Amino acid sequence: MVRSCLFIVLCFLGVLVSNAQSTVDKETVMLQAPSDKFVSITLQAHKGLPRFGVPNMYREQTGGQRQGMRTVRPVRGGKNPVSNDKNKIVTRGKNNFSLLVGLKYLRPFMEDLDRKGLTTITSNMSEKESNSAFLQRFLRSQVAPNLCLADECKNAGQGKNEFERLRNYTSFVDNCLGPLLDWSKNIMEGDELVGYHVSMLNIGNNYDFDKKGYTVYHSIILNNIFTRKQGILNQVVFNPVKQFEEALQNSIDRNKNIKFLLHIDEQTAERFQKEGIRRLYVVKKIKVQRSNKPMGSPSETIEFNYSHESTDLEIYTDEALTQHFKTLSLADLTN
């Protein structure tokens with residue numbers, strides 16, 4: 001009995017330790033900030049893992065209602081203050097997650113960062129000076145105002161004159177850069193990340209009555225994993241690992257799309273058109289890994305590879321991923 005109670009207590013403590021670093025609810029995953037100087041990061045989630053790609057915009061949806069002899073089309077795309085606040089939180093979370101990833105992989109260049117003075121941009125800068133200027137711009141204009149809450153950190157890019165700007169920058173470097181770099185080490189542990197990617201399938205009105213379905217295109221380009229507006233460019237490249245992925249690679253067209261027939265019976269296709277459903281949401285579980293491609297400077301693109309963790313291609317009719325339609329297999333997609 002005593003051993004059983006001890007086991008339960010230890011399990012409970014383990015959960016607390018885990019939740020001190022990240023918490024998960026039905027809709028989001030939170031990456032807890034290491035101190036109250038910084039903002040915690042909230043990402044949208046699906047089945048307990050981070051969700052990337054097409055986001056849930058928290059649009060209100062109501063079903064069709066019967067009025068007299070006609071069916072009123074369901075309302076799609078409505079918003080309210082609560083959904084607006086949710087959008088702001090997860091949009092900021094994705095931006096800040098991308099910033100932390102950038103910090104993680106820019107660490108090798110931090111040796112070139114001038115921590116005592118602001119680097120002046122000139123036409124004949126050395127490589128070290130050029131790297132310092134780039135890093136300072138990234139830290140002062142992106143990292144500090146977005147990831148920081150305390151004045152000693154978030155004002156790194158502010159100042160009414162050169163003396164104030166220098167004080168704000170050195171305050172950030174002395175008090176906040178180290179903890180932020182340490183926090184970034186915990187992002188993509190092992191240089192990999194497992195999550196779900198959501199994309200859209202446009203079905204439109206071109207139903208094929210002979211083949212009983214729609215010809216659709218699924219892109220294998222996933223450059224919407226990370227935000228690309230932070231001064232750091234990230235590229236995510238499909239890297240086949242399993243046999244079915246090799247087959248997918250061989251079927252990609254010049255636009256990096258996989259063309260296939262999505263089978264839908266006529267009754268369902270007609271219902272979709274009546275309800276205004278012109279696109280479906282495709283979900284697949286992926287693993288993103290840092291590639292072995294070296295970086296020559298901090299301004300170069302940070303390259304990642306991705307592969308599929310499962311053959312399942314789940315299709316939903318709503319962006320909130322609550323209305324499951326069908327499951328396809330990536331192994332049979334092009335057969």
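The figures follow:
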| quantity | calculated |
| --- | --- |
| Accessible carbon and sulfur surface of the chain relative to its total accessible area, %, 1.4 Å | 49 |
| Sequence-distant residues sharing a close amide H with F325 (under 5 Å, placed H) | I315, Y316, T317 |
| The chain, relative contact order [Cα under 8 Å, separation at least 6], % | 16 |
| Relative contact order (%) - criterion: Cα under 8 Å, at least six apart; region: segment 201-335 | 28 |
| Equivalent-ellipsoid semi-axes of segment 78-198, from the Cα gyration tensor, Å, largest first | 29, 20, 13 |
| Residue of E270, E152, E319 that the Gaussian network model of the chain assigns the largest fluctuation, springs spanning Cα pairs under 10 Å | E270 |
| Ratio of the Cα radius of gyration of segment 190-234 to 2.2 N^0.38 Å, where N counts its residues | 1.77 |
| When the chain is reduced to its Cα atoms, the Kirkwood hydrodynamic radius in Å | 22.9 |
| Values of log10 I(q)/I(0), in the order q = 0.16 Å⁻¹, for segment 158-223 under a Debye, Cα-only, solvent-free model | -0.78 |
| At 0.692 mPa s and 37 °C, Stokes diffusion of segment 256-335 via Kirkwood alpha-carbon radius, µm² per second | 211 |
| Table column - 3J(HN,Hα) (Hz), segment 305-310, Karplus curve with 6.51, -1.76, 1.60, x for Gly and Pro | 10, 9, 9, 9, 7, 8 |
| Angstrom value of the Kirkwood radius, inverse mean 1/r, which spans all Cα pairs in segment 214-277 | 14.6 |
| For segment 168-305, diffusion coefficient by Stokes-Einstein and Kirkwood Rh (Cα), 4 °C, 1.567 mPa s, µm²/s | 70 |
| Per-residue ³J(HN,Hα) for segment 157-165, Karplus 6.51 cos²θ - 1.76 cosθ + 1.60, θ = phi - 60°, Hz, x for Gly and Pro | x, 9, x, 7, 8, 5, 6, 5, 4 |
| Computed lengthening from R279 to V39, 0.36 nm per intervening residue step minus Cα-Cα distance | 82.9 nm |
| Amide proton proximity set for M200, modelled H, under 5 Å, gap of 5+ | V282 |
| In order through segment 138-154: 3J(HN,Hα) via Karplus (6.51 cos²θ - 1.76 cosθ + 1.60), integer Hz, x for Gly, Pro | 5, 5, 6, 9, 10, 5, 4, x, 9, 9, 9, 10, 6, 4, 5, 10, 6 |
| Accessible area per residue in Å² at 1.4 Å probe, computed on the chain | 55 |
| Theoretical FRET efficiency, 1/(1+(r/R0)^6), r = Cβ-Cβ of D210 and V241, R0 51 Å, to 0.05 | 0.90 |
| Convex hull volume of segment 77-148 per residue (C-alpha atoms, cubic angstrom) | 121 |
| Cβ-derived FRET efficiency at R0 25 Å, E27 paired with K185, nearest 0.05 | 0.40 |
| Protection-proxy order for peptides 154-161, 240-247, each taking the mean of Cβ atoms within 10 Å per residue, highest first | 154-161, 240-247 |
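The values are calculated or read from the model by the stated rules, or taken from the named source; none is laboratory data. Owing to the predicted nature of the structure, the values given are computational and were not obtained by experimental measurement. Glycine also receives a Cβ, built like all others from the backbone with ideal geometry; neighbour counts cover every protein chain displayed. Heavy atoms of the whole protein, side chains included, go into the accessibility calculation; ligands, DNA and RNA do not. Shrake-Rupley method; radii C 1.70, N 1.55, O 1.52, S 1.80 Å.
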